[in-house]
Amino acid sequence: MMKGIFSLLLVATLFSCSTQKNVYWVNSSKVDCVGVGPMSCMQVQKGNTMEEAQWQNFYSSIDGFDYEPGYIYKLQVKEKRLPKDEVPADASSIKYTLVKVLDKQVDNRAFANGKWLLARIDGGPINRSIVLPTLEIDLDNKRIFGSGGCNTYSGPILELSQEVIELGNAVSTRKACINRNIEATYLKTLSQVKSYKANQAELVLLDENGEEVLAFIRQQEKEQANLRLNDIWALETIDGISVTDLENRPVLEINLTEMRAMGTDGCNNFMGGIKKVDGKNLEFGVLAGTRKMCQNMAIPDQFGKSMLQVKGYQLVGLNLILTDEAGNQLMKFKKVD
């Protein structure tokens, strides 16, 4: 009799170990990850409390959970360990099933992420006849980018919580522009920002007293040119070959305000127009240049040929990659500080 009771207890214990319930937190945005292949992963952590530094990529799915970006979830999840013969190839041995959504909160950080166009400064409307400043918040790299209406700027995000935003010193290009702008006032005001409010359509930045100083509307995603293009870039590789002569390497400056490109091919200076540019496409017009003959023309000649083939671009961190019509890499540049 005792043996039978012991066997029942053992079976009950094994069953309880194979199925259990845990509290899961799910972050407000997914991240690119690599499982069996490239994929998009939720970020999760287990436990009754959430710690910002504890997010981990989640390579499975939670049955019954309808994920919506922009919210942080607290879930009760049932974990069931599957027998080996029931586990599909390259799949998790644990089946995750939603028991209950314990909490769902708006994550202001997810709403703040993206591209914004200035609508108000110090509570007043902006004269629409000027070139409007822009702001891009890049949470993945913890940086801001944008245009003051003349020069481009970038800087670090030192802190970003549900309400607080602390920006590091923004570095700006120093071109002298003749167009009407409020760049100096805008950049000075941006340095006063201490907190924020955000939703899908509007971003409001506040000073240390909680007063509105800047307000933005979200830029419509219609494949607009990435403002980070508007900078000076030094060539690192061309046709898969690294550029070793750093003193004489080609340098490309892209000016989106005037839709022009200029720089040096490593021997001669050049200048010309930009025929087409949007969120992924880039095409240069005729680039006119000086005609000096330098001791080594290999890189300058290849640079000129490659510029004629450029049809697209990618921005990866501080690198600019120019691609041909098929999407193949022609040249890789690094942002000049």
For this session: Answer yes or no: is there a residue in region 140-157 that is within 29 Å of residue 22 (Cα to Cα) and either of a type in the set (D, E, K, R) or assigned to a strand (DSSP E or B) (or both).
Result: yes
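Picking from 183, 202, which residue would you name as being in contact with a Lys or Arg (Cβ under 9 Å, 6 or more places away or on another chain) and modelled with pLDDT under 95?
None of the others qualify; the one that does is 202.
May I ask you to list the residues in region 229-253 that are open to solvent by less than 30 Å² (accessible area, probe 1.4 Å) and within 24 Å of residue 134 (Cβ to Cβ)? Explain how you work it out, then say what you get.
So in region 229-253, the residues open to solvent by less than 30 Å² (accessible area, probe 1.4 Å) come out as 229-231, 233-235, 237-238, 243, 250, 252.
Within region 229-253, 229, 230, 231, 233, 252 meet the criteria.
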For this session: Identify the single condition in (1) open to solvent by 50 Å² or more (accessible area, probe 1.4 Å); (2) in contact with a Lys or Arg (Cβ under 9 Å, 6 or more places away or on another chain); (3) part of a strand (DSSP E or B) that residue 131 does not satisfy, given that it satisfies every other one.
Result: (3)
For this session: List the number of the failed condition for residue 226; all other conditions in (1) farther than 24 Å from residue 282 by Cα; (2) surrounded by 17 or more Cβ atoms within 10 Å (Cβ to Cβ); (3) within 24 Å of the chain's Cα centre (by Cα); (4) modelled with pLDDT under 90 hold.
Result: (1)
Exercise. Can you tell me which residues in region 217-255 are touching a Leu at 6+ places or on another chain (Cβ under 8 Å) and free of Cβ contacts under 8 Å to residues at least 40 places away in the same chain?
Worked result: 254
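From 203, 190, 214, 282, grab the single residue that is out of contact with any Ser or Thr (no Cβ under 7 Å at 6 or more places or on another chain), touching a residue at least 60 places away in the same chain (Cβ under 8 Å), outside the structural domain of residue 70 (by the TED database) and buried (at least 20 other Cβ atoms within 10 Å of the Cβ). First the steps, then the outcome.
Working: 190 fails: touching a residue at least 60 places away in the same chain (Cβ under 8 Å); 214 fails: out of contact with any Ser or Thr (no Cβ under 7 Å at 6 or more places or on another chain); 282 fails: touching a residue at least 60 places away in the same chain (Cβ under 8 Å).
Criteria check complete, one pass: 203.
Table: residues versus (1) crowded, with 20+ Cβ neighbours inside 10 Å; (2) within 25 Å of residue 316 (Cβ to Cβ).
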| residue | (1), (2) |
| --- | --- |
| 106 | no, no |
| 135 | yes, yes |
| 141 | no, yes |
| 149 | yes, no |
| 153 | yes, yes |
Exercise. On the given criteria, is residue 170 at negative phi and at pLDDT below 90?
Worked result: no
Exercise. Among the residues of region 67-79, which ones are modelled with pLDDT of 90 or more, part of a strand (DSSP E or B) and not hydrophobic (A, V, I, L, M, F, W, C)?
Worked result: 73, 74, 76, 78, 79
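The values are calculated or read from the model by the stated rules, or taken from the named source; none is laboratory data. For clarity, every value in this text was computed on a predicted model and none was experimentally measured. Virtual Cβ from ideal backbone geometry, glycine too; neighbours counted across all protein chains shown. Accessible surface areas use protein heavy atoms only, side chains included; no ligands, DNA or RNA. Shrake-Rupley method; radii C 1.70, N 1.55, O 1.52, S 1.80 Å.
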